[in-house]
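Encoded as structure tokens, the structure appears first; notes follow it.
The values are calculated or read from the model by the stated rules, or taken from the named source; none is laboratory data. Just so you know, these numbers come straight off a predicted model, no measurement behind them. Because the Cβ atoms are built from the backbone with ideal geometry, glycine has one as well, and the counts that use them run over all protein chains shown. Surface accessibility is based on the protein's heavy atoms, side chains included, excluding ligands, DNA and RNA. Shrake-Rupley method; radii C 1.70, N 1.55, O 1.52, S 1.80 Å.
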Amino acid sequence: MGSAKRYSLPLARAVGAGIALCFLAGSIVQAAEPATPSPPGAGAPRPRIGLVLSGGGARGLAHIGVLKVLRELRVPVDFIVATSMGSIVGGAYAAGHTPDAMEALVKSVDWDQMFSDRAQREYLSFRRKEDDLRFIGRTELGIKPDGVVFPRGAFGAQHLEEFLRLVSKPSGDARHLDALPVPMRAVATDLVTGELVVLRDVPLSMAMRASMSVPGAFAPTDIDGWLLGDGGLTRNLPVEVARDMEPDVIIAVNVGTPLLPREGLASAFGVAQQMINILTEQNVANSIAALRPADILIAPDLKGYTFFDFESHDALIARGEEAARALAPRLSALAADEQAYALWESRRAQQPAPPVERVAVVLTYGAVRTNPAALEREIERRAGVAVGLPATDAQLLEASRVLYGMGEFERVDVHAEVRENRKIVRVEVEEKPWGPDYLRIGGRAVSDFHTDARFSLTLQHTRTWLNSWGAEWRSEVQLGDIRRLSTGLFQPLGPGSPWFVEPALETIESDSDIFGVGNRRTDRVLNATTSASAALGVRLGTIGVARLGGGHEWYRATPTISSRLEGSLKDTANFARFGLSFDTLDDANFPRQGFGANLRVDRRRYSTGAATVQSYGVDALVPFTFGRLTVFGLAAAGYSRKDAGGFSLGGFLNLSGTPIGAISGSQAAIVSGVAYYRMGELPRGLGRSWYAGVSLEAGNAWARQSDVRLGDVKKAGSVFLGLDSVIGPLYLGLGKTFGGDAAIYLFLGRPTDHN
């Protein structure tokens with residue numbers, strides 16, 4: 001192949017940076033054992049066999065079925081050439097995995113998580129968890145001198161890369177594809193020149209990663225300056241590449257996606273998909289034409305299955321088996337005898353050598369604006385990976401996820417190598433090229449279709465790693481029913497230190513209604529507060545954070561609609577504040593497990609009349625999940641000493657049916673039980689799941705502590721549909737306070753937050 005390039009690349013780069021949107025096939029294999037097999041040598045010389053596996057996204061799961069039949073018929077292969085999804089299946093087989101192990105892993109994969117562009121929530125740093133709770137949209141943009149920069153791919157590849165490392169683990173010491181138990185070539189595309197690239201002198205995980213990087217879906221793979229994308233763009237069924245390796249027989253398996261019909265081109269996504277299909281189908285036709293009479297083409301009937309249908313793994317694997325069995329007479333002619341095949345198979349699946357336990361040194365690569373000392377301290381604190389300590393595969397995986405959860409990296413790989421009988425942990429990171437200035441956009445909206453409609457839009461700018469200790473400077477602008485401008489600094493007290501300080505400035509305006517008898521609005525007041533504050537905080541392990549601080553506030557309350565209030569009221573106050581938060585929820589929108597809890601203590605001394613107000617607030621949320629059903633309890637309470645200060649209730653899931661803020665007092669409490677059932681999945685690109693749910697709520701607010709009586713508790717309930725959409729949690733619900741008001745809600749945001 002004159003246009004093909006073969007790179008000799010150092011092991012240090014052993015993992016690329018982008019995977020194919022649907023070719024995520026990565027998840028199709030499981031760990032097993034390395035080897036150095038040799039072809040069966042018993043009897044007459046057998047033909048040299050090359051196996052060619054095409055790309056095709058989820059359709060590539062059919063390759064597993066073909067491999068099951070080849071194993072059943074005792075057909076050994078001398079080498080494998082593969083593209084995209086085929087490189088994952090072929091790579092797993094070349095590394096020593098069995099088809100049965102691949103099938104078992106496919107059935108155990110969490111496909112939503114595999115396609116996720118963010119860390120599992122349990123691994124997010126507390127800063128990123130707080131962002132998670134305060135914003136709806138998860139889209140993160142970069143800000144550069146020449147404008148706004150988008151991420152390099154629509155999907156993150158970290159979870160897939162974790163899987164690819166698992167796939168290649170049995171041959172983890174193999175620095176190039178010829179050193180695998182079954183030699184292999186992976187095909188990629190040079191995105192700069194458009195040329196075919198044949199990968200050989202690279203580790204397996206890097207080869208698979210590069211071969212699967214669909215442009216626009218996943219970030220391309222950068223290998224020593226070469227920008228590589230999905231191999232299907234140039235050779236989706238690389239028969240010609242296999243021919244260069246001089247086989248006697250080629251077994252080619254084509255699972256490529258055919259062109260969409262006209263009705264499938266009604267959206268921009270469909271048109272973009274069709275463009276890729278056209279490129280791949282054209283080069284597949286050329287490759288099929290290059291087959292010779294002695295070669296065998298296996299083309300499973302995959303009509304009705306798209307490259308997104310990973311959940312149809314059983315049917316896809318079965319279709320691969322059916323297609324291979326239909327050609328059993330021709331395949332059987334290539335079989336080895338039992339003894340020879342058993343020898344070949346045992347060498348292919350040879351067990352790896354036992355690992356060296358204790359870490360001799362930790363080395364960090366790729367950190368430019370981030371501080372290696374901070375990263376190494378973080379994995380020591382949270383994953384127990386440090387010099388002098390044992391480091392298991394599970395700990396190394398945990399360390400990768402911890403660093404990825406910081407939100408600063410496009411990919412992270414923490415792995416071990418043995419050199420001269422010394423265990424070296426390599427921390428390899430790729431910082432987000434669109435950082436360190438990030439822009440996030442969030443919003444919130446609620447309407448009862450009657451008298452209340454609120455919305456807000458928030459723009460947040462964060463500059464990370466202002467210094468070597470990991471300082472962040474954050475500014476926010478909020479528009480809508482709440483108008484807010486804030487800026488603050490987060491400064492750790494050392495590289496990777498759990499201690500930090502937070503100085504901040506904020507000004508905020510909002511309207512609040514005053515209600516009379518029967519929850520009728522009688523007045524509206526504009527409240528404005530400006531504050532300067534500072535806090536000392538500490539992270540509490542991996543689950544919480546505590547803050548103690550204080551500052552000064554300026555207040556102004558101005559009637560905008562009034563039946564009895566006149567003029568503005570102004571005041572100032574010095575305040576002290578303590579906050580304690582815990583968050584182990586697995587999801588901020590529709591949690592299924594974990595818990596969240598917050599405690600707040602405020603003390604304010606106003607200049608007018610030297611009045612002092614001290615108040616306490618607490619809330620907690622605990623979900624329990626049984627299959628598709630999740631039930632969670634939510635409780636919140638507020639207490640103000642000397643009956644000063646105030647809390648309010650009202651709104652969706654906060655005494656549903658009652659207007660927001662209609663019930664207020666110096667003492668308040670509410671308890672809710674909410675249940676939601678996962679009805680199904682939303683179409684890809686629109687979100688994740690949709691739910692049907694109900695709630696029962698009980699609570700009230702009282703003007704004075706002496707007024708608190710259980711007999712006064714108000715009761716409410718609701719029924720709702722909830723969508724975990726790309727723009728955030730969206731609810732359509734009907735709420736009713738028994739003996740009181742009812743309302744229909746359209747709610748974008750988290751109703752468990754303050755309305």
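General remarks:
- Share of carbon and sulfur in the accessible heavy-atom surface of region 641-752 [1.4 Å probe, %]: 63
- Normalising the Debye intensity of region 67-135 to I(0), with uniform scatterers on Cα atoms only, and taking log10 at q = 0.12, 0.14, 0.16 Å⁻¹ returns -0.52, -0.62, -0.71.
- Set of lysines near Lys570 by C-alpha distance (under 28 Å), chain-local residues within fewer than 8 positions excluded: Lys642
- Cα-Cα pairs of region 289-440 separated by more than 23 Å (percent): 63
- Within the accessible area of region 535-625 (1.4 Å probe), percent carbon and sulfur: 61
- Summarising the strand pairing of the chain, around 90 percent of its internal DSSP beta bridges are antiparallel.
- Between helix 268-289 and the chain: long-axis angle, C-alpha atoms, 0 to 90°, nearest 10: 10
- Of Lys129/Lys169; Lys107/Lys129; Lys68/Lys107, those spanning more than 20 Å from alpha-carbon to alpha-carbon: Lys129/Lys169; Lys107/Lys129
- Amide H contacts for Thr522 (H built 1.01 Å from N in the peptide plane; partners 5 or more residues away or on another chain; cut-off under 5 Å): Ile514, Phe515, Gly516.
- Rounded tilt (10° steps) of 313-325 against the dominant C-alpha axis of the chain: 10
- When the Cα positions of Ile288, Ala535, Ala340 are compared along the charge dipole of the chain, Ala535 comes out farthest toward the positive end, with charges on each C-beta of Lys, Arg, Asp and Glu.
- Gained length - Thr542 relative to Val631, 0.36 nm times residue gap less alpha-carbon distance: 29.6 nm
- For the pair Glu130 and Thr608, label points projected 7 Å from Cα toward Cβ lie 3.1 nm apart.
- Within region 588-614, backbone nitrogen closer than 15 Å to the virtual label 7 Å beyond the Cα of Leu580 toward Cβ: 596-602
- Taking a sphere under 13 Å around the Cβ of Leu526 and counting the other residues whose Cβ falls inside, with K and R at +1 and D and E at -1, yields a net charge of -1.
- Estimated from helices alone, the mean residue ellipticity of the chain at 222 nm is -5500 deg cm²/dmol (sum of -39500 (n - 2.57) over DSSP H runs with n ≥ 4, per residue).
- Here Lys714 is the anchor, and the lysines within straight C-alpha reach of less than 19 Å, apart from those fewer than 8 places off in the same chain, are Lys736.
- Sorting Trp554, Trp226, Trp702, Trp344 on solvent-accessible area from highest to lowest, probe radius 1.4 Å, gives Trp554, Trp226, Trp702, Trp344.
- Dipole magnitude for the chain: about 1380 debye, using +1 per Lys or Arg Cβ and -1 per Asp or Glu Cβ, origin at the Cα centre.
- With R₀ set to 41 Å, the beta-carbon distance separating Ala644 from Ser475 gives a calculated FRET efficiency near 0.80.
- Rough spin-label spacing in nm, given labels placed 7 Å along Cα→Cβ, for Gln339 and Val713: 8.1
- Extreme residue, positive dipole direction of the chain, given options Gly518, Leu237, Tyr93 (C-beta unit charges): Gly518
- Eigen-decomposition of the gyration tensor built on the alpha-carbon atoms of region 339-417 gives equivalent ellipsoid semi-axes of 33, 15, 10 angstrom, largest listed first.
- Per residue, the chain exposes 42 Å² of accessible surface when a 1.4 Å probe is rolled over the protein heavy atoms with every protein chain present.
- Translational D in µm²/s for the chain (Stokes-Einstein at 4 °C, 1.567 mPa s, Kirkwood Rh from C-alpha pairs): 45
- Based on alpha-carbon atoms, the Kirkwood radius and the radius of gyration of region 606-755 give Rg/Rh equal to 1.05.
- Computed on protein heavy atoms with a 1.4 Å probe, the accessible areas place Glu566, Glu338 in the order Glu566, Glu338, largest first.
- Full extension of the chain segment joining Glu420 with Ala294 gains 40.6 nm, where the gain is 0.36 nm per residue of separation less the Cα-Cα distance.
- Sites Leu686 and Leu389 - FRET efficiency at Förster radius 56 Å, r taken between beta-carbons, to 0.05: 0.80
- Cα-only radius of gyration and Dmax that characterise region 502-657, units Å: 18.8, 58
- Per-residue 3J(HN,Hα) values for region 646-653, derived from phi via the Karplus relation 6.51 cos²θ - 1.76 cosθ + 1.60 with θ = phi - 60°, read x, 9, 9, 10, x, x, 4, 6 Hz in sequence order (x marks Gly and Pro).
- Dipole magnitude for region 339-476: about 180 debye, using +1 per Lys or Arg Cβ and -1 per Asp or Glu Cβ, origin at the Cα centre.
- Angle in degrees between helix 338-348 and the longest Cα principal axis of the chain, rounded to the nearest 10: 40
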